[in-house]
């Protein structure tokens with residue numbers, strides 16, 4: 001006969017939230033309601049610089065903030081959650097203004113309010129995927145969707161631009177990353193070393 005499980009000690013969920021190794025944010029209408037220590041470390045900010053602020057402060061540009069919000073809502077409505085890799089911006093500290101790749105995952109508390117109350121996780125990917133070129137906001141978005149494996153037509157639909165325009169941005173990315181093929185570009189965007197000939 002199996003022994004009964006040991007009784008769980010009282011758990012301080014606030015402490016679990018604060019000390020979680022993954023960045024956690026509670027939000028409402030794209031405003032940071034609360035965040036843990038890891039988010040503060042990742043973005044180089046004090047908690048009071050984030051709580052009560054729009055997520056806009058963490059984006060490299062207002063245009064990226066707006067376009068990301070427009071993409072999140074229909075996916076969150078359909079699936080109840082959302083995830084992507086995107087370039088974010090350090091807010092303060094010695095790396096102020098530095099951009100970095102971040103994996104972001106979110107869940108709305110109610111599907112019919114996709115940007116209403118929710119919880120978001122943030123994972124800093126900069127150790128394995130450095131940003132090695134100066135990119136425009138649109139180039140950053142195209143790069144993120146290329147990493148998701150989307151075709152030019154799919155990226156065009158996601159961003160509301162033509163696939164030919166996507167191909168222009170992809171060509172610029174290939175030049176910036178000195179890549180001769182899309183596969184090599186994706187490899188370099190993902191932080192890989194140059195592919196062998």
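Since every read-out is calculated from the coordinates, none of them should be taken as a lab result. Keep in mind that this is a model prediction, so the values were computed, not measured. Neighbour counts are summed over all protein chains in view; Cβ atoms, including those assigned to glycine, are modelled from backbone coordinates with ideal geometry.
Points to keep in mind about this one:
- Output for the stretch 25-37, where each listed residue is crowded, with 19+ Cβ neighbours inside 10 Å and either in contact (Cβ under 8 Å) with a residue 24 or more places away in the chain or more than 16 Å from the chain's Cα centre (by Cα) (or both): 25, 27, 36
- When the residues of the stretch 128-150 are filtered to those that are over 13 Å from residue 60 (Cβ atoms) and over 15 Å from the mean Cα position of the chain (by Cα), the one that is surrounded by the most Cβ atoms within 10 Å (Cβ to Cβ) is 150.
- Conditions (1) touching a residue at least 40 places away in the same chain (Cβ under 8 Å); (2) surrounded by fewer than 14 Cβ atoms within 10 Å (Cβ to Cβ); (3) touching a strand residue (DSSP E or B) at 6+ places or on another chain (Cβ under 9 Å): number failed by residue 94: (3)
- Verdict on residue 56 being out of contact with any strand residue (DSSP E or B) (no Cβ under 9 Å at 6 or more places or on another chain) and closer than 19 Å to residue 114 by Cα: yes
- For residue 129, the conditions (1) more than 17 Å from residue 102 (Cβ to Cβ); (2) outside any helix (DSSP H, G or I) are fulfilled apart from (1).
- Scope the stretch 168-187; condition surrounded by 14 or more Cβ atoms within 10 Å (Cβ to Cβ), in a loop (DSSP other than H, G, I, E, B) and without any contact (Cβ under 8 Å) to a residue 24 or more places away in the chain; matching residues: 179
- Residue within the stretch 39-47 that is more than 17 Å from the chain's Cα centre (by Cα) and surrounded by fewer than 19 Cβ atoms within 10 Å (Cβ to Cβ) present: yes
- So residue 153, is it farther than 20 Å from residue 61 by Cβ, touching a helix residue (DSSP H, G or I) at 6+ places or on another chain (Cβ under 7 Å) and assigned to a helix (DSSP H, G or I): yes
- Output for the stretch 59-83, where each listed residue is surrounded by fewer than 19 Cβ atoms within 10 Å (Cβ to Cβ), closer than 17 Å to residue 118 by Cβ and in contact with a helix residue (DSSP H, G or I) (Cβ under 7 Å, 6 or more places away or on another chain): 65, 71
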